[in-house]
1. Pairs needed: first member in the stretch 67-80, in contact (Cβ under 8 Å) with a residue 12 or more places away in the chain; second member anywhere, among the polar types (S, T, N, Q) and crowded, with 17+ Cβ neighbours inside 10 Å; C-beta distance under 7 Å; at least 6 residues apart or different chains.
2. Can you pull out every residue in the stretch 22-31 that is surrounded by 14 or more Cβ atoms within 10 Å (Cβ to Cβ) and of a type outside the set (A, V, I, L, M, F, W, C)?
3. Taking the options TRP48, TRP14, name whichever one is at pLDDT below 95 and under 12 Å from the mean Cα position of the chain (by Cα).
4. Run LEU62 past the list (1) surrounded by 11 or more Cβ atoms within 10 Å (Cβ to Cβ); (2) free of Cβ contacts under 8 Å to residues at least 12 places away in the same chain and report the number of the one that doesn't hold.
5. Return the residue satisfying two criteria in turn: it lies in the stretch 1-21 and is under 11 Å from LEU53 (Cα atoms) and of a type in the set (S, T, N, Q), and of such residues it is surrounded by the fewest Cβ atoms within 10 Å (Cβ to Cβ).
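The values are calculated or read from the model by the stated rules, or taken from the named source; none is laboratory data. In this text the structure is predicted, and so the values were computed from the model without any measurement. A quick note on method: Cβ atoms are made from the backbone with ideal geometry, for glycine too, and the neighbour counts reach across all protein chains shown.
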Amino acid sequence: MIVIDRENLFARGWSHAVSTTNDIAELDSFRRLVGAPPAALQLGNPRWPHLDLRDEARRRALAMDGVVVVERTPDLVRYIRAIRAITSRA
């Protein structure tokens, strides 16, 4: 599942998109689906691979069905941590 913050608090006009399972293939597929360039896929931190989205790709991502949209970046981090905690117990 993809989770997006409505706007990155430190970079106005940008959003992060994260896979709840850190699935890089899922992120890359989503990147292509919304029309983001390859450079949008950020793999520098293996614990938090994500997409940096802006402009039309960001608008498309925020409007997609099945995507969880949270307001702020800290909300995204809390959501992802909660999901991962639940699935690690299962």
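1. THR73/ASN8; ILE80/THR20
2. The answer is ASN22, ASP23, GLU26, ASP28, ARG31.
3. Within the list TRP48, TRP14, the selection yields TRP48.
4. So the condition that LEU62 fails would be (2).
5. Out of the qualifying residues, it is ASN8.
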